[in-house]
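See below for the structure under consideration.
The values are calculated or read from the model by the stated rules, or taken from the named source; none is laboratory data. Just so it is clear, the structure is predicted and the values come from calculations on it, not from any experiment. Using ideal geometry, Cβ is built from the backbone for each residue, glycine included, and neighbour counts are taken over all protein chains shown. Protein only, heavy atoms only, side chains kept; ligands, DNA and RNA dropped before computing areas. Shrake-Rupley method; radii C 1.70, N 1.55, O 1.52, S 1.80 Å.
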Amino acid sequence: MGTVKIIGQNSGLTIRMECHHWQDQAVELEAKLRLLQTRNGHPAEVFFDSDPGAERLKQLFEILQVTGCVCRGIYIQKKPAAQGALSLIRDPLRAGEVIQLEGAAVLFHDVRQPIQIEMRGGGPLIVLGSVAGQIRLFDPACQLIALGLDHARIKISDSDWQIMTNFAKVCVYYENQRCTSLCLKEEEVWQG
């Protein structure tokens, strides 16, 4: 018990759950929603730490229906399968998500506000798009490589948070307790 977190927002409820103790959490969620006296289509967004599977989603929808809530979105926090593995995140990131990664990672979409990424391990974070969200790299050996920065908030190791903008291909790395950016220029093509 105590692992279901419910946060009230202007737009409705944000519910955060972990999948490893589902039966206890299902009972806890229903009890908490009854205490909140949700009814008449109260909007809720649910965030899971991993893929809940079809049976758990069915139970979740039953609990929400019984307590008078309407599910406005289900989000799954993306984590790599093993430490040191390369994570490929092909799905667009949703607003409000906090993504925690280990090892190296490649994101195939933009990182927009208010998305937050926390990365542990020394592998690079490669974003095949523009970064406008918040990125926290815990290892000083870790680098961020992106197609562009648009007022991105970046922190590497013990550096201060920095707001960085650069619309060219860029690499952000740790140097002298600061985040330093380096523009990656196109290779010149020799024409004979």
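If the condition is being surrounded by 14 or more Cβ atoms within 10 Å (Cβ to Cβ) and among the polar types (S, T, N, Q), then segment 25-39 contributes Gln25, Thr38.
Just one of the listed residues (Gly53, Gly8, Gly73) is over 26 Å from His109 (Cα atoms), of a type in the set (Gly, Ala, Ser) and either surrounded by 14 or more Cβ atoms within 10 Å (Cβ to Cβ) or within 21 Å of the chain's Cα centre (by Cα) (or both), and it is Gly8. Pairing residues of segment 25-39 that are without any contact (Cβ under 8 Å) to a residue 40 or more places away in the chain with residues that are open to solvent by less than 20 Å² (accessible area, probe 1.4 Å) and in a helix (DSSP H, G or I), at Cβ distances under 6 Å and at least 6 apart in sequence or on separate chains, gives Leu29/Ile63; Glu30/Ile63.
Name every residue in segment 1-16 that is touching a residue at least 40 places away in the same chain (Cβ under 8 Å) and touching a Phe, Trp or Tyr at 6+ places or on another chain (Cβ under 9 Å), in order of residue number. Thr14, the sole residue that qualifies. Here Ala54 meets each of (1) of a type in the set (Gly, Ala, Ser); (2) more than 25 Å from Gln134 (Cβ to Cβ); (3) in the same structural domain as Ile135 (by the TED database) with one exception, condition (3).
Of the residues that make up segment 46-68, is at least one in contact (Cβ under 8 Å) with a residue 60 or more places away in the chain and touching a strand residue (DSSP E or B) at 6+ places or on another chain (Cβ under 9 Å)? So far as segment 46-68 goes, no, none of its residues is in contact (Cβ under 8 Å) with a residue 60 or more places away in the chain and touching a strand residue (DSSP E or B) at 6+ places or on another chain (Cβ under 9 Å).
Residues in segment 88-110 that are open to solvent by less than 20 Å² (accessible area, probe 1.4 Å) and modelled with pLDDT under 85: 3 in all. For segment 106-126, indicate whether the set of residues that are without any contact (Cβ under 8 Å) to a residue 12 or more places away in the chain and β-branched (Val, Ile, Thr) is non-empty. Checked segment 106-126: no residue is without any contact (Cβ under 8 Å) to a residue 12 or more places away in the chain and β-branched (Val, Ile, Thr).
Let's see how each residue does on (1) among the hydrophobic types (A, V, I, L, M, F, W, C); (2) under 18 Å from Gly73 (Cα atoms); (3) not in a helix (DSSP H, G or I):
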| position | (1), (2), (3) |
| --- | --- |
| Ile7 | yes, yes, yes |
| Thr14 | no, yes, yes |
| Gln25 | no, no, no |
| Leu29 | yes, yes, no |
| Lys32 | no, no, no |
| Ala44 | yes, yes, yes |
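Conditions tested, residue by residue: (1) hydroxyl-bearing (Ser, Thr, Tyr); (2) over 19 Å from Thr14 (Cβ atoms); (3) in a loop (DSSP other than H, G, I, E, B).
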position	(1), (2), (3)
Val70	no, no, no
Leu147	no, yes, no
Asp150	no, yes, no
Asp160	no, yes, yes
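Under the condition of being farther than 11 Å from Asp49 by Cβ, touching a Ser or Thr at 6+ places or on another chain (Cβ under 9 Å) and buried (at least 17 other Cβ atoms within 10 Å of the Cβ), the residues counted in segment 13-24 number 1. When the residues of segment 138-183 are filtered to those that are among the β-branched types (Val, Ile, Thr) and open to solvent by less than 60 Å² (accessible area, probe 1.4 Å), the one that is farthest from His109 (Cα to Cα) is Thr180. Taking segment 101-123 on its own, how many of its residues are closer than 11 Å to Leu137 by Cα and among the acidic types (Asp, Glu)? Total satisfying the criteria: 2.
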